[in-house]
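Novice: This is the structure, below, for whatever I ask next.
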Amino acid sequence: MITIQWDALLAPRYDMFYIDQNGNKVRPNVIHRTSLGCYERTLAWMIEKYEGAFPTWLCPEQVRVLPISEKFMDYANAVNAELVKAGIRSSVDERAEKIGYKLRDLRLQRIPYALIVGQKESEEGLVSVWNRKAGDKGAAKLADFLAEIKEDIDTKALSPKE
């Protein structure tokens, strides 16, 4: 990933020189160094290493809110608004599909967390937390979940907490 290379063309192209201790003009040797190499190689390496299942802090979408049915769409949108307000990259799955199908799709897309909301969650102000590593983690207050995911993101954890 790291590249260090000598550039034989840059100094003449920009007419670079320095004055040595004897007062002579000397062309410098230009050495490029980068800690990541090129972006394409770095991204390809990361995709291969994580098999597309990036750590939470790096995922383009960190949470998807899954309403059990259309009746709970308002609560799902309210939960999503709180997530976005807290700086979490999230969305609501508004498709009229069964929850099992939505979870399977979530696994295939390698999204780290799902918040499932239905009647119990909307009445009690909770979310049912699912993560790609531990599966169903049960019901939790949204504030507790936000604290957990923010810790994952802030500490740059490599995988969601179990």
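The values are calculated or read from the model by the stated rules, or taken from the named source; none is laboratory data. From a predicted model like this one, the values you see are computed outputs, not experimental measurements. Using ideal geometry, Cβ is built from the backbone for each residue, glycine included, and neighbour counts are taken over all protein chains shown. Calculation scope for accessible area: heavy atoms of the full protein, side chains included, ligands and nucleic acids excluded. Shrake-Rupley method; radii C 1.70, N 1.55, O 1.52, S 1.80 Å.
Novice: As a test, work out the antiparallel percent of DSSP beta bridges whose residues both lie in the chain, rounded to the nearest 5.
Specialist: 70 percent
Novice: Treating only the Cβ atoms of Lys and Arg (+1) and Asp and Glu (-1) as charged, compute the dipole magnitude of the chain about its Cα centre; round to the nearest 20 debye.
Specialist: On the way: 24 positive and 24 negative charges, 99 e Å.
In debye, rounded to 20, the chain gives about 480.
Novice: Got a sec? What order do TRP57, TRP130, TRP45 fall in by accessible area at 1.4 Å, biggest, i.e. largest, first?
Specialist: TRP45, TRP57, TRP130
Novice: Which far-off residues, 5 or more places away or on another chain, put their amide H under 5 Å from the one on PHE54, with H placed in the peptide plane?
Specialist: Long-range HN contacts for PHE54: none found.
Novice: By a straight-distance test (C-alpha under 18 Å), which aspartates and glutamates pair with LYS137 as possible cross-link partners, with residues fewer than eight away in the same chain excluded?
Specialist: Those aspartates and glutamates meeting the cut-off are GLU121, GLU124, GLU148, GLU151, ASP152, GLU162.
Novice: How do LYS98, LYS141 stack up against each other in accessible area, from largest to smallest, with a 1.4 angstrom probe? Write out the running numbers ahead of the final one.
Specialist: Values: LYS98 165, LYS141 125 Å².
The residues order as LYS98, LYS141, largest area first.
Novice: Sticking with this one: Could you look at region 1-54 and say what percent of its accessible area is carbon and sulfur, using a 1.4 Å probe and all protein chains?
Specialist: Details: 2610 of 4690 Å².
That share works out to 56 percent.
Novice: Sort TYR113, TYR39, TYR75 by heavy-atom solvent-accessible area, probe 1.4 angstrom, most to least.
Specialist: From most accessible down to least: TYR39, TYR75, TYR113.
Novice: What percent do you get for the relative contact order of region 58-162 when only Cα pairs under 8 Å and 6+ apart count?
Specialist: Across region 58-162, relative contact order equals 25 percent.
Novice: What is the spin-label model distance, in nm, from LEU10 to GLU40 if the labels are put 7 Å beyond Cα along the C-beta direction?
Specialist: Going by the 7 Å Cα→Cβ label model, 2.0 nm.
Novice: Can you give the angle from 0 to 90° between the axis of helix 39-50 and the longest principal axis of the chain, with both taken from C-alpha atoms, to the nearest 10?
Specialist: 40 degrees
Novice: Given the options VAL84, LEU115, ALA8, identify the residue whose Cα lies farthest towards the positive end of the charge dipole of region 1-138 (+1 on Cβ of Lys, Arg; -1 on Cβ of Asp, Glu).
Specialist: ALA8
Novice: Moving to a separate point now. Please name which of GLY135, ALA44, VAL63 has its Cα lying farthest along the dipole of the chain towards the positive end, using unit charges on Cβ (Lys, Arg +1; Asp, Glu -1) and the Cα centre as origin.
Specialist: In the chain, that residue is ALA44.
Novice: Could you give the accessible area per residue of region 9-135, probe 1.4 Å, as a whole number in Å²?
Specialist: 64 Å²
Novice: Within region 1-23, what residues put their amide N at less than 13 Å from the label point 7 Å along the Cα-to-Cβ vector of ASN29?
Specialist: Label zone hits: 5-8.
Novice: What does the convex hull of the Cα atoms of the chain come to per residue, in Å³, rounded to a whole number? Intermediate results must be reported in sequence, preceding the final value.
Specialist: Details: hull volume 26.4 nm³, N = 162.
About 163 Å³ per residue, rounded to a whole number.
Novice: Another question about this same structure. Check cross-link reach from LYS156 to the lysines: straight Cα distance under 17 Å, and skip same-chain residues fewer than eight apart.
Specialist: LYS49, LYS133
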